Each structure stands twice: as structure tokens, then as C-alpha cells.
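The values are calculated or read from the model by the stated rules, or taken from the named source; none is laboratory data. These numbers come from a predicted model, not from an experiment. We place every Cβ from the backbone using ideal geometry, glycine too, and count neighbours over all the protein chains shown. For accessibility, only protein heavy atoms count, side chains too; no ligands or nucleic acids. Shrake-Rupley method; radii C 1.70, N 1.55, O 1.52, S 1.80 Å.
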Amino acid sequence: MKLFKLFLPGEFEDAFLYKERLLVMTVDKELRAYDLEGLARRLAEKSPSSVPAPYWLFARNDFIGTNQFRKFVEADAIAKAVAGAFGAMPSMLDDITHDLPLLDQFRLDAFDCDMVLDLTIYNDRMYLATDEGLFHIDFDFSRKVPKILALHKRSDIHSMAVSAKYGSVSVSCGDDGLWIAEGDFEQSKEERPTSLAVKAERSVMTNWWTQSLVNYEAYNSPKLLAGERRRSSASLEGLSVVELGKTLFPIGALVSEKAGIETNQIDYIFNFSKKFFVHSIDGSIYDIEVLDKDKKRQRSVEPSEHEVQRVYKFEVPAALPYLLGAQDKELVRPKSARELTGDTPLPKDAFGQRLSLSFKDSIVSSGHTRVGTVIESRQRVQFLHDEGFLDLLNHEAITVRTFMQSKFYGNMVAVVDEDGLWLISVFDERVLNPTAAIARRRLGQGTVFTSTSSFLTTLKQKTV
Amino acid sequence: MNENPKESPLPRFNPDMSYFCGTSDSGKSYTGIDKHRNGQKFDAAGKPIAKWAVEHMAEFAEFCRSDLEVWQGDDGDLWGINIERTLGVDGEFICKFPCPENETDHWHGYPASPKIHGTKDRPPKSVLNRWVHDGLISTGTKKKLNRSKL
């Protein structure tokens, strides 16, 4: 797994990638729109031998994760050329101020708040959860330079998180409840926006679970609000607007029961659609998938019709951290594996043992990319993939964002810290060497090697 | 209230050690509450009861510092922070001293965490901004407290 990091110095609160623009909110409540394609062009000009890597990494991040790309690089000559381009691309640029074209900046003087706590953009509307309530800004993105059409204040309640899908917006306000505007686009953008209505007594964050909404009453306590489609004049995502019920189903209890984790042992849980990322107090990490019992039913709304289909506990063969330690410094070795290094000989059964990947810090947030999960704790940000952890940031972040819902930026991460913005693109380089990729995937996902030589032979194949 | 803060009595335990009390420099009387040290872990509603992880004198010192620094919200509640040691058994590093309803009542306090105990444990904007300004917390920590993540 290869990380490409770009740094934009400045005093920022948040950042979002949307329709080929990077939108950044400064601490002075100025919203800046940057041109991502322009950035890729500038990087390409500076390093011509890296073309087309800058475009694939930062302008349109989707192609390198597709099956077409896998097919494309199956031919050795093409794989070598692509590897050469990625190799010529600097893995870190510590100031892109002069490489990142600024399209426009907007003074949000009517935006009366101390701090933006969360933001999302949906259907060209930016929702901002702030300590002074929820705001939204309507944009016109049809031109290269976006234009602000309107700014509305939607509520006065301290809003800590916001999510939007299926024509609805949900706002988490802690003990002041979960507030939702269903059919938020049924009025034209010139009309007064839909009112928010309270749906649950407590909420710290939400996310969608197909057409239902998972409300997190606490960071370890998800409950499901079942949603049903209804006819609407403003149809989005090919569906009518979803109307949410009132009954809260404790989906967290279902997940923990099936995975064999006590509910009170969960430190943090979050979902992307029907996939739950679970971190237990003892540090174990699970990936748990919930599916319909009847797979033919695509959109069942009753929680009882669902069951846990897959529980994946992140673990690696005990020998992997030992043998990769010298070659792959980015792999964070679990403590017990670290003890195997140095003068201590590798235990005979190291190829049969498996070690749980352990993350001892309490998790603050998580986000999915198409090739791994981003985990934020209080003092660092890490990237978890099927072979271990990679460091994204070794100190505290202000905001960490992934863009799994977006078409273009599924493998990008935006991290704001005290000094500026890190724009990180993740590339699974194993795709350029399918033989090694298969071997490494086997190492990470269950094949037990019976001898050191077979393990090392496989391991050598991974080196391009 | 003591008319002469300089003559505040030293903090002390009562004879049977059942409670602790002291008076801050500004004359506010403080009493430690046993439920924030001993007894049940959860209240009747099943919510965790905050427990101090530091000794009585340290608890009182947090109150005195909070009073001295006037880390106070508009509602009169005082707030404390310690970046060098954990204050509560669940890892809390801030604490709250709710303003007594009657002026003659003693103050008390407990370790606070909006993540564990909810929105009532979130320090007000004015206090958070003071802490950021004084270098006690980062902007990232302020945001996490505002989002009930700590």
C-alpha cells in the first residue's frame, strides 16, 4: 500500500472534496474552492515522468481502484510503465500552495458560529453542523468557478454531526436529540427550507444503512430507524425520498451478539452501509457485515429480516510482522510480534499462529476508503488495511474525512491539523504485481505457510 | 462566604472521615461527595456515575484553580482541566463544579466527559476558548469535546 501526501499550510477547520474541487473552510470562516484537476496538471508539469499518476491520484481517484485498471495493468509492459509513473511521483510534497489553483473564496459573514463541527455536501448543498446550529449553503457547480446561491440557518441547536442521503438530512445534537428534515429538496432552493423534526432523544452521529438510518446514541451504541420509500417530486439517487419510522431497533446488540463481543466491551462502532467497523475495549478490530436473510430482497426495511453474514477479525500470521519488519517499516508490529524480533529466534509454530491486529487507543472516528479504513484516535491517524497499519498522521488531527460515497475520491483522505491540510491518496500497488498480490493477500487472510522457505519464497515475489 | 479569604480554614476531613471540605481563596466552601468516589458505578437510569481517580486534596486543588482562573460559564458552573494527570477513573481529564442553587450551599464537583456522561459535561464555548488561548488544549481537542468525542 502506497501513500501520496500533499500538504497545504494554513489555518483550517475542515475540508471536503466534491465534483473536482477541494473546498476548505478557514478558521476565519472563509470558504475557499480549489481546482483539483489544476493541481494534477501542475504536479504533472513539475514531474513529467510521473504522468498520469498525478491525475489518477488527485484529480480522478476512482480509476485506479476499478477492475478496468486491474485488467489494464495485467500486461507486464503496462504494469512496468505504470509502476514507473507512480515511482516518479514524489510520495510527499510539503507545500502545494503554489501548485493548487484557487478558483474562488467566499467570505461567510452571515455565518455566525465559533466552530464548524462537521460538514457534508449533498446534491450541491453544503450542510454545516456548528456550535451555533445547522447551516446550509447552496452552490452552483455547473461552472468551473462555483457560485454561492444562498445561505440558510436551519437551527439554533449545537449540532455535532450531519449526514445526508435519499433527499434527507439528519443532524446529531447530543442530548438535544436527532433532528431530521425528510424531503429536504422538495421545495425549490429559492423557497424556505423544510423544517427539522426531532426523531430520537439522543444522537452523536448517524449514517445510512441502505434506506434506513443508523442513529448512534453514543459512539458505541447504534440504533436503527427503519426507512420506507415514498413518492416525491424531488427524486434523488434513483429513489423516492425515504421516510423514517419512529421505532429504534438496537442493531448494535445484534452485531455484538453475532460477533461474540459483549455490548459493554465495544469502544467504538460505525457503519458504512451494512458493514460495521467495530473496535473493542481490549483493542481488537472487527469488520462485520449485515445482510438480508433473503438475498433476493434488495430493500427490506424490517431489522428482523437481517442477520450478520460475515465477521472478519483483523489478524495476521505471527511470522508476518517478524519477517516483514526489516523491509516494511510502515507495518506496525503488534507487541507480541515485536518481542519475536532481535535475538529471540522465531518460534517453530509462528507460521501456524495468528496475531490479532490490536489498536489500544480509544477511537475518535473512522472512515472507509475502497482499500482500507482510516482510524483516528486522540493523538494519531492511521490507515488499516489487510496487512496492518500505516501512519497517516503522528499527532492530533482537527478533522479527518474520507469520501466513500463520492464517485471520484473513494481512496482519498483529507486530514486537517493545526498547521494545515493533508491531502492523502492511497494506492494499492499490489495490483501492479498480481502474483505477489495474491501471495500477500493469502498471508493476510488465512493461508498458513508450513515452512519458512515457502513463506520466504512467497514473500520475495512481492518485491517488484 | 468568608469576609477575609486570607484566613480561609485549611481543607480537612470531618472526624469520621466521611466527607472532605475546604474553602477556596475567594471564599467558596467546597465539599467532596462520596458517590463520586465510592459506591455504585451506575445510577438508577443505568448511566455511569463519574468517579475521581485523584485524592481528595487534588480534587480540591482542581476546584481552587478553577475558581482562581474563573473558568466559569454564564450559568455560574466552574470547569477544571488537568493536562498532566487523569482526573477520573474512566480517563476524564476535565472536571465540572456545578454552581450551587443557594449561595450558602457548598460547592462540589466531579470528573467530566461529554463522551461518557453526555452534553451536560461539555464545557461552554467561553471556557473552551480560554483553554485554547492559554495553550491548555489544542483546537483539535476543543473540537472533540464539542463533538462529545472525549
Completion exercise
Considering residues that are under 24 Å from the mean Cα position of the chain (by Cα), farther than 27 Å from A:F139 by Cα and away from every other protein chain (no Cβ under 14 Å), the number found within the range A:179-208 is 0
Handout entry: Segments classed as helices (runs of 4 or more DSSP H), wholly inside the range A:1-111, with at least 1 members that are on the phi < 0 side of the Ramachandran plot and small (G, A, S)
Key = A:36-46, A:76-88
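Per-residue answers, yes or no, for (1) within 14 Å of chain A (Cβ to nearest Cβ); (2) open to solvent by less than 60 Å² (accessible area, probe 1.4 Å); (3) modelled with pLDDT under 95:
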{"site": "B:L78", "(1), (2), (3)": "no, yes, no"}
{"site": "B:G88", "(1), (2), (3)": "yes, yes, no"}
{"site": "B:K96", "(1), (2), (3)": "no, yes, no"}
{"site": "B:N102", "(1), (2), (3)": "no, no, yes"}
{"site": "B:P111", "(1), (2), (3)": "no, yes, no"}
{"site": "B:D121", "(1), (2), (3)": "yes, yes, no"}
Exercise for the section: Taking the residues in the range A:189-218 that are farther than 25 Å from B:K120 by Cβ and touching an Asp or Glu at 6+ places or on another chain (Cβ under 6 Å) as candidates, determine which candidate is surrounded by the most Cβ atoms within 10 Å (Cβ to Cβ). Expected result: A:T194
Completion exercise
Inside the range A:162-178, the number of residues satisfying the requirement of being closer than 14 Å to A:F135 by Cβ and away from chain B (no Cβ under 13 Å) is 2
Fill in the blank from the handout: Residue pairs qualifying under the 9 Å Cβ cut-off, at least six apart or on distinct chains, with the first in the range B:28-44 being β-branched (V, I, T) and the second being assigned to a loop (DSSP other than H, G, I, E, B) and open to solvent by 70 Å² or more (accessible area, probe 1.4 Å), are B:T31/B:Y19; B:T31/B:H106; B:I33/B:Y19
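Conditions tested, residue by residue: (1) in a strand (DSSP E or B); (2) farther than 26 Å from B:K47 by Cβ; (3) among the hydrophobic types (A, V, I, L, M, F, W, C); (4) in contact with a strand residue (DSSP E or B) (Cβ under 8 Å, 6 or more places away or on another chain).
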| position | (1), (2), (3), (4) |
| --- | --- |
| A:V171 | yes, no, yes, yes |
| A:D176 | no, no, no, no |
| A:W179 | yes, no, yes, yes |
| A:F185 | no, yes, yes, yes |
| A:E191 | no, yes, no, no |
| A:T194 | no, yes, no, yes |
| A:K199 | yes, no, no, yes |
| A:N207 | yes, no, no, yes |
Completion exercise
Scanning the range A:357-416 for residues that are of a type in the set (F, W, Y) and assigned to a strand (DSSP E or B) gives A:F383, A:F389
Problem - Residue among A:D175, A:D138 that alone is touching a helix residue (DSSP H, G or I) at 6+ places or on another chain (Cβ under 6 Å) and either surrounded by 22 or more Cβ atoms within 10 Å (Cβ to Cβ) or not β-branched (V, I, T) (or both) - result: A:D175
Fill in the blank from the handout: Pairs returned, first residue in the range B:127-150 that is surrounded by fewer than 20 Cβ atoms within 10 Å (Cβ to Cβ), second residue that is of a type in the set (A, V, I, L, M, F, W, C) and at pLDDT below 95, beta-carbon separation under 7 angstrom, 6 or more apart or interchain, are B:L136/B:I83
Fill in the blank from the handout: By residue number, the members of the range A:105-126 that are more than 12 Å from chain B (Cβ to nearest Cβ), touching a Lys or Arg at 6+ places or on another chain (Cβ under 6 Å) and at pLDDT 90 or above are A:Q105
Fill in the blank from the handout: Within the range A:341-382, residues loosely packed, with under 15 Cβ neighbours inside 10 Å, at pLDDT below 90 and within 14 Å of chain B (Cβ to nearest Cβ) come out as A:K360
Exercise for the section: Scan the range A:219-230 for residues that are open to solvent by 40 Å² or more (accessible area, probe 1.4 Å) and either away from chain B (no Cβ under 13 Å) or aliphatic (A, V, I, L, M) (or both) and report the count. Expected result: 4
